[in-house]
1. Name the single residue that is surrounded by the fewest Cβ atoms within 10 Å (Cβ to Cβ) among those in segment 280-325 being more than 25 Å from the chain's Cα centre (by Cα) and hydrophobic (A, V, I, L, M, F, W, C).
2. Is it the case that segment 343-361 has a residue that's in a loop (DSSP other than H, G, I, E, B), within 16 Å of Thr243 (Cα to Cα) and in contact (Cβ under 8 Å) with a residue 60 or more places away in the chain?
3. Kindly indicate whether Val194 is surrounded by 17 or more Cβ atoms within 10 Å (Cβ to Cβ) and touching a Lys or Arg at 6+ places or on another chain (Cβ under 6 Å).
4. Kindly establish whether Ile40 is surrounded by 12 or more Cβ atoms within 10 Å (Cβ to Cβ), closer than 20 Å to Gly122 by Cβ and of a type in the set (A, V, I, L, M).
5. Provide a single number: the residues in segment 186-217 that are outside any helix (DSSP H, G or I) and within 18 Å of the chain's Cα centre (by Cα).
6. Check Phe101 against each of (1) touching a strand residue (DSSP E or B) at 6+ places or on another chain (Cβ under 7 Å); (2) touching a residue at least 12 places away in the same chain (Cβ under 8 Å) and name the one condition it does not meet.
7. Return only the number of the condition from (1) touching a His at 6+ places or on another chain (Cβ under 7 Å); (2) modelled with pLDDT under 95 that Val205 does not satisfy.
8. Among what's in segment 256-281 and is acidic (Asp, Glu) and in contact with a strand residue (DSSP E or B) (Cβ under 8 Å, 6 or more places away or on another chain), pick the residue that is modelled with the lowest pLDDT.
Amino acid sequence: MDINPGFKQAALYGAVTNKLTIRVFEPDGTVKTVITNKHIVSESMRLTGAICDEPELLFGGCVASAFEIDVSSKYDIHDRYITVYCAQTATMPLYPGTQIFPGAELYPGRISYTVSFPLFSGDVFSCKLAKNRLTRRLVAYDRFYSRGMRSCKGLYDGLFAGGSAVTLGQLRAAIIQAHFTEAQSVTLPADSFVIHKMETDELTVNDALRMIGEMSGVFLRLNGHGDVEYVDIGTAGEVEEYTFYIDAETEDYTVTGFDGVETKTLGSYWFDTEPPDPVTYALDNALVTAGYVSSATATGEQFEPAWNGVRSSIAPNFAVEYIPFSLKAQARLWVQPGDRVRFNIKWYSLEEENGAEVTVEHTKTVESVILSRRLTGIQAMTDELSAQ
């Protein structure tokens, strides 16, 4: 997310205040209720989101975000659609020679920036009255939960009417049009991959989208506006530097990229030539592979030419490299799952020097990618970032 550098500097080194706004929509799409800090229990907010929350890396995503908060008991908004925004105001002292970035507001002795961040968009699952009868615990999930669990088998079967084959891109476009909106119109690396109909009793929206994204080596997530975004972590982008934090842990190994994919039914396939010690990604993806086994118009031998048509395009997305970690720090609302982070961890050892034991300080630089995050609090807002 592109953020004014002046705001970033003020948010990290100055004073920050947060104003939360929850807009509640009626079934006809109109906004009937707006809930602000005045009717929210202080520091009760928790927002969790991820592109992968599995013990091992699994491409595709479609992990539903969850939003929880305590509000006044008068807001019984069960089954309503909500959007959540946080207007963050960052203020720093104004010194002679201070560089003034565009968008700043000047006051005697200080400089101030305000940015509104879309945090969440989704459906309220429950809004139960607390034992004190004064508050309600609002629990909401984004639409990967409410819409993603629907069946898309009818749509899937309709695309294959007459025995024709379709591409992953055609199937993805049909599902997105029927159930979601895209944040931006994109072409995924494996969109041209041809699939054949598989026999299945059930196919949910999330399952289909996850398998489509998996073949391209991308993750699907819903942003704060409720639109589908596509995230790839294979190509290193801009890195967010954390020079100070509350707590951090890391592993002593790096997750390296994949040399190819391994399927249960069709064997292994390489992005280039088979290396001596290949690292393969387990492509347990019936949408992509089942049709080449079960379809009367396709055979396992036909999978390889189809694979060759997309392997060079999808290879960069499978070239992931990151260190498993967890990091707790002051919240940076412009940072999202899929972004890369860098921070230093210090550790100490006892070593012998001139016949005496001395304490030696070591520094390890960790660069990784955020696979999941938990945002807690309002004024004392903190981030717990991690990658398994």
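1. The extreme case among them is Ala296.
2. At the first step, the residues of segment 343-361 found to be in a loop (DSSP other than H, G, I, E, B) are 354-355.
Restricting the remaining residues to those that are within 16 Å of Thr243 (Cα to Cα) gives none.
So far as segment 343-361 goes, no, none of its residues is in a loop (DSSP other than H, G, I, E, B), within 16 Å of Thr243 (Cα to Cα) and in contact (Cβ under 8 Å) with a residue 60 or more places away in the chain.
3. Details: surrounded by 17 or more Cβ atoms within 10 Å (Cβ to Cβ): yes; touching a Lys or Arg at 6+ places or on another chain (Cβ under 6 Å): no.
For Val194, the condition - surrounded by 17 or more Cβ atoms within 10 Å (Cβ to Cβ) and touching a Lys or Arg at 6+ places or on another chain (Cβ under 6 Å) - is not met.
4. On the way: surrounded by 12 or more Cβ atoms within 10 Å (Cβ to Cβ): yes; closer than 20 Å to Gly122 by Cβ: yes; of a type in the set (A, V, I, L, M): yes.
Here the answer is yes, as Ile40 does meet what is asked.
5. Restricting attention to segment 186-217, the residues satisfying the condition of being outside any helix (DSSP H, G or I) are 186-204, 217.
Checking which are within 18 Å of the chain's Cα centre (by Cα) leaves us with 186, 188, 217.
Here the count works out to 3.
6. Result: Phe101 fails condition (1) only.
7. Among (1) touching a His at 6+ places or on another chain (Cβ under 7 Å); (2) modelled with pLDDT under 95, the lone unmet condition for Val205 is (2).
8. Going through segment 256-281, the residues acidic (Asp, Glu) turn out to be 259, 262, 272, 274, 277.
Keeping just the survivors that are in contact with a strand residue (DSSP E or B) (Cβ under 8 Å, 6 or more places away or on another chain) gives 259, 262, 274.
On the way: Asp259: 94, Glu262: 93, Glu274: 89.
Step by step, filter segment 256-281, then rank; the result is Glu274.
The values are calculated or read from the model by the stated rules, or taken from the named source; none is laboratory data. Predicted model, so just to flag it, every value in this text is computed and none were measured. Note: ideal-geometry Cβ built from the backbone for every residue, glycine included; neighbour counts use all protein chains shown.
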